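A short write-up of the structure that comes next.
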Amino acid sequence: MTIKVKFYSLFKINLKSSGEVYEIKNPITISELINKLDNDYDDYFTNKLLNDKGKISPGAIILVNGKNILHLNNLKTELKDEDIITLFPPSAGG
């Protein structure tokens, strides 16, 4: 199965990448995808997307096919073939 991960905002700038495409044999959850990204990017994503309790950090946005995972099954949302995952880091501003 193929899943596409898109990076936006500071993720795109700091990592000098607009995302990744993964070929995965078995279905995985968002949580497992974050672990996979951490392996590829030295624990970068857990530190940015999750708080110290393992929950989604305030302001972080994770979308699956344009739907916020907060309205799906949170970090347990299962990914399917050809899903597009969009990641936005927490941001502040005025």
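Calculated from the structure, percent of Cα pairs over 20 Å apart equals which of (i) 35; (ii) 28; (iii) 43? Only one listed value fits the structure, namely (ii). Heavy-atom accessible surface of segment 2-88, averaged per residue, reaches 62 Å², computed with a 1.4 Å probe.
In the chain, the portion of solvent-accessible area held by carbon and sulfur atoms comes to 48 percent [1.4 Å probe, whole percent, DNA, RNA and ligands not counted]. To test your reading of the geometry: what angle, between 0 and 90 degrees and rounded to tens, separates the Cα axis of helix 30-40 from the longest principal axis of the chain? For helix 30-40, the angle is close to 80 degrees.
Across segment 2-88, the mean sequence separation of Cα contacts (distance under 8 Å, 6 or more residues apart), normalised by length, yields a relative contact order of 41 percent. Subtracting the Cα-Cα distance of Tyr8 and Lys76 from their residue separation scaled by 0.36 nm leaves 22.3 nm. Within the chain, DSSP assigns beta bridges of which about 75% are antiparallel (rounded to the nearest 5).
Okay, helix-only estimate at 222 nm for the chain: each DSSP H run of n ≥ 4 adds -39500 (n - 2.57), divide by all residues, round to 500 deg cm²/dmol; what do you get?
On the way: 3 runs with 23 residues, N = 94.
It lands at -6500 deg cm²/dmol.
The values are calculated or read from the model by the stated rules, or taken from the named source; none is laboratory data. Note that the coordinates shown come from a computational prediction; the quantities given were computed from them, not determined experimentally. Protein only, heavy atoms only, side chains kept; ligands, DNA and RNA dropped before computing areas. Shrake-Rupley method; radii C 1.70, N 1.55, O 1.52, S 1.80 Å.
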